[in-house]
Each structure stands twice: as C-alpha cells, then as structure tokens.
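What follows is a set of notes on a single structure, which appears directly below.
The numbers here are math on the coordinates, done by the rules we state, and not lab data. None of the values given here were measured: they were computed from a predicted structure. Using ideal geometry, Cβ is built from the backbone for each residue, glycine included, and neighbour counts are taken over all protein chains shown.
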Amino acid sequence: MMSIAVLANIFQSTVLLAILIVIGFWLWPGVRLDSFRQNMFSLRDELFDYAASGKISFTHPAYRLLRQSMNGFIRHGHRLSLFQIVMGTLMWKSFGDPPTFDWTNRWNTALASIQDREVMAEMVKFHQRSTMLVSERVVLGSPVLVFALAVCLIASLFHLGWTSLRSAFNAAVSATTARIIDPRLLDEEAARAAA
C-alpha cells in the first residue's frame, strides 16, 4: 500500500506536469506569436520613420513592397511554421507549378531604381532584419529545427572563431532556414497574404 507521502508526490508531480503542458502547448506559442508580431510592428515603424525622414518616398516601390511584405508577415505570423512551409513547398512541387518569385523580382527592380546607394543599403538592411525575424519564428518553433540550429550554431562559432555569439546565432538561423526553404518563398507568401 502506498503511503500518504508517495501519493502526495504523485499528485504534486501530476499537477506540475499539467501546468507545464498548459504553459508549453497553450500559453507559450501565443507569447511567441505576440512577440514576433510586436517585433515586426516595431521594424515596420522604423521603416515608416525612415521614409518620414525624407530618405525614401512613401510611394517608392521598394518602400511599398517591403511594407507589404511586413504586413503579410504580421497578418499571417501564425502560419509561419515548419509544417506550413513544408506543406506549401510540397503543394508547389506536386502540382508542377513552381513559384515565380514575382515579389523578389519586383523587389530587385525597385532596389535598382534607388539612386542613393546609402538608401539602397538601408532598405536591404530592413529586408534582412524582416527575414531574420521570420527565420527566428520558423526555426525556434520547431524542435527539429532547434536541434539543427544548435548544430549550425556550434559550427558557426567554430567557423567565426567565437567572435560574436549574436552574429553566430544570426548566421546559424539563416543557414538553418536556407537549408530547409528558399527565403524568397517566405517573401512570396507574405506578399500573397498581404494582397
């Protein structure tokens, strides 16, 4: 027969496990999504402030495309998961209708039309930061990709010579995402979602 102490330990462990399951599967994903959207909102606000400073016109195609992409990521951030990306890629390959990369082509054309090289570089940085937020969302939301990230992070730290943990983390996230899916596909999905 079990003692009261053993039953109390079993009850406490069961309650703690239930709490951890609720936090891990119900609360934490919502917090991650809210954090992603808030970070994307902040980046979009920085882009707006940059345009408001007069460095690029609000009507310039590069500004409009980047803002459209950010809006799509904000609106459909809940769909940024490994499962959704793999399923979308499989659908494209199954139906023999590969993506046309319309957004990417328009983005490159819009960037080429910017006369000031500093402005062009800043717009590229805004796009890279947006892509990094999306990559972090996708990679950190999948246990499989978290493991791949750990491997890439260790490899990046050795490759970079332990210079910067943040730059190694960013390089590992980018490498992990790029191995799974073409980052241009994320932009295409965001543009489609924002339309």
With Cα atoms, 0 to 90° folded angle of helix 61-75 axis to the chain main axis: 20 degrees
Asp97 versus Ser167: modelled label distance in nm, points set 7 Å from Cα along the beta carbon direction: 4.4 nm
Length gained when the stretch Leu17-Phe41 is fully extended (0.36 nm per residue, less Cα-Cα span): 5.2 nm
Degrees, to the nearest 10: 82-94 long Cα axis against longest axis of the chain: 60 degrees
Among 135-144, 67-76, 36-45, the order from most to least packed when residues are scored by Cβ within 10 Å on average: 67-76, 135-144, 36-45
Three-way shape label, the stretch 44-117, alpha-carbon gyration tensor, a/c 1.5: oblate
Computed P(r) (all Cα pairs; the stretch 27-170; 10 Å bins; percent): 10, 31, 34, 22, 2
Using a Förster distance of 22 Å, the FRET efficiency for Gln84-Arg64 (Cβ separation, nearest 0.05): 0.30
Amide H partners (placed H, <5 Å) of Ser142, local residues excluded: none
C-alpha long axis of helix 165-180 to longest principal axis of the chain, angle in °: 80 degrees
Gain on full stretching of the segment that runs from Lys55 to Ala121 - 0.36 nm per residue minus C-alpha separation: 22.6 nm
Rounded FRET efficiency, nearest 0.05, which uses the C-beta distance separating Phe147 from Arg75 and R0 of 45 Å: 0.95
